[in-house]
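Structure, as C-alpha cells:
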Amino acid sequence: MKVIRLADSPRLAVEMEGAGGASKQIPIGTADGAPTFSTRVFTLEPGGHTPHHAHPFEHVNYVLEGQGVLMSPAGPRDIRAGDFILVQPDEMHQYRNESSEPFVFVCIVPKEYE
C-alpha cells in the first residue's frame with residue numbers, strides 16, 4: 001500500500017507538442033506497482049493548455065482546483081473544481097486555463113499510457 005501527499009510527488013514539465021504552461025505529477029503509477037491504472041495530476045498555469053489530441057483509451061478526470069475550459073467535439077465547456085469528466089477513446093479534447101489562477105486536475109489512465 002502506498003500513501004503520498006501530492007506536494008511530495010515530483011512535478012515535471014509536460015513536453016508534448018502543443019502543450020504550454022503545463023506540468024504533471026504521478027503520485028501513483030507503474031513505478032509503484034499499480035496493476036491497472038496510473039493517477040496523474042496536471043497543473044495548468046494561467047494561459048496554459050494541454051495539446052488538442054485524442055488517444056485510443058478512455059480516461060477519467062476530476063478537477064481539484066480552479067476553473068478551465070474543456071475543448072470537446074461538442075464545443076467548449078466550462079469546468080471547475082468538483083467536476084468529473086469522462087473522455088471516451090479516440091475523442092478529441094484539450095484543457096485550457098483562461099483564468100488568472102492555476103487549474104489543477106486529476107487524470108486516471110490505464111497504466112500502459114502513463
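So in region 71-114, with the set limited to residues that are assigned to a loop (DSSP other than H, G, I, E, B) and closer than 23 Å to L12 by Cα, which one is least open to solvent (accessible area, probe 1.4 Å)? Top of the filtered list is N97. Only one of the listed residues (H52, H59) is in contact (Cβ under 8 Å) with a residue 40 or more places away in the chain and either closer than 14 Å to V109 by Cβ or surrounded by fewer than 12 Cβ atoms within 10 Å (Cβ to Cβ) (or both). That residue is H59. Assigned to a loop (DSSP other than H, G, I, E, B) and either among the aromatic types (F, W, Y) or more than 20 Å from H93 (Cβ to Cβ) (or both), is that true of M1? The answer is yes for M1.
Among the residues of region 69-78, none qualifies, meaning not one is without any contact (Cβ under 8 Å) to a residue 60 or more places away in the chain and touching a helix residue (DSSP H, G or I) at 6+ places or on another chain (Cβ under 8 Å). Examine region 10-31 for a residue that is open to solvent by less than 20 Å² (accessible area, probe 1.4 Å) and in contact with a Cys (Cβ under 9 Å, 6 or more places away or on another chain), and state whether such a residue exists. Among the residues of region 10-31, not one is open to solvent by less than 20 Å² (accessible area, probe 1.4 Å) and in contact with a Cys (Cβ under 9 Å, 6 or more places away or on another chain), which makes the answer no.
On the given criteria, is G21 in contact with a Leu (Cβ under 8 Å, 6 or more places away or on another chain) and modelled with pLDDT of 95 or more? Against the criterion (in contact with a Leu (Cβ under 8 Å, 6 or more places away or on another chain) and modelled with pLDDT of 95 or more), G21 qualifies. Please go through region 32-43 and pick out each residue that is under 13 Å from Y113 (Cα atoms) and open to solvent by less than 90 Å² (accessible area, probe 1.4 Å). Hits for region 32-43 are A34, T36, S38, T39, R40.
The values are calculated or read from the model by the stated rules, or taken from the named source; none is laboratory data. Nothing here was measured: the structure is a model prediction, and the numbers come from that model. Quick reminder, even Gly has a Cβ in these numbers, built from the backbone with ideal geometry, and neighbours come from all protein chains shown. Heads up: the accessible areas ignore ligands, DNA and RNA and are worked out on the full protein's heavy atoms, side chains in. Shrake-Rupley method; radii C 1.70, N 1.55, O 1.52, S 1.80 Å.
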